[in-house]
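The values are calculated or read from the model by the stated rules, or taken from the named source; none is laboratory data. Quick caveat: nothing in here was measured; it's all calculated off a predicted structure. Cβ sites come from the backbone with ideal geometry, for glycine too, and all protein chains shown count toward neighbours. Protein only, heavy atoms only, side chains kept; ligands, DNA and RNA dropped before computing areas. Shrake-Rupley method; radii C 1.70, N 1.55, O 1.52, S 1.80 Å.
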Amino acid sequence: MTSDDPDMTWLLTAFDKTEQVHSKLPISKEQLVALRRWVPSMPDDPWYVHSYRVAPGALSGVAHVLGCAPLDPDLEYFVDGYAAS
């Protein structure tokens, strides 16, 4: 799967303390590129096909890139890529 795959989509998913999905926020390709500074991926996974945890110290940077409200430090956040088919 590559960034040019028309079915590729990315999400910021938040989980609560019971590991239930709290919320999902779509991420554009441009936002994903900017998020690399805050949520690095493995070298062989530049398009975040796997799941990557957002470190607590990166929450404000991620919120800034996504243009969203401040992220809740009581939730656990992950950046994931999916085939949207």
Residue check, Leu32 against (1) open to solvent by 70 Å² or more (accessible area, probe 1.4 Å); (2) under 16 Å from Tyr82 (Cβ atoms); (3) under 10 Å from the mean Cα position of the chain (by Cα), all met but one. Which one?
(1)
What is the number of the single condition among (1) over 21 Å from Met8 (Cα atoms); (2) surrounded by 13 or more Cβ atoms within 10 Å (Cβ to Cβ); (3) hydroxyl-bearing (Ser, Thr, Tyr) that Tyr82 does not meet?
(1)
Out of all the residues in segment 70-85, is one or more among the small types (Gly, Ala, Ser) and touching a His at 6+ places or on another chain (Cβ under 9 Å)?
yes
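Here's the yes/no breakdown for (1) closer than 18 Å to Met8 by Cα; (2) without any contact (Cβ under 8 Å) to a residue 60 or more places away in the chain; (3) open to solvent by 30 Å² or more (accessible area, probe 1.4 Å):
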{"site": "Tyr48", "(1), (2), (3)": "yes, yes, no"}
{"site": "Ser51", "(1), (2), (3)": "yes, yes, yes"}
{"site": "Ala63", "(1), (2), (3)": "no, yes, no"}
{"site": "Pro70", "(1), (2), (3)": "no, yes, yes"}
{"site": "Glu76", "(1), (2), (3)": "no, no, yes"}
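So for segment 17-31 (the condition being free of Cβ contacts under 8 Å to residues at least 60 places away in the same chain and in contact with a helix residue (DSSP H, G or I) (Cβ under 6 Å, 6 or more places away or on another chain)), does at least one residue qualify?
Yes, there is a match, as at least one residue in segment 17-31 is free of Cβ contacts under 8 Å to residues at least 60 places away in the same chain and in contact with a helix residue (DSSP H, G or I) (Cβ under 6 Å, 6 or more places away or on another chain).
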For the structure I just gave you, tell me whether Val21 is surrounded by 12 or more Cβ atoms within 10 Å (Cβ to Cβ) and out of contact with any Gly (no Cβ under 9 Å at 6 or more places or on another chain).
no
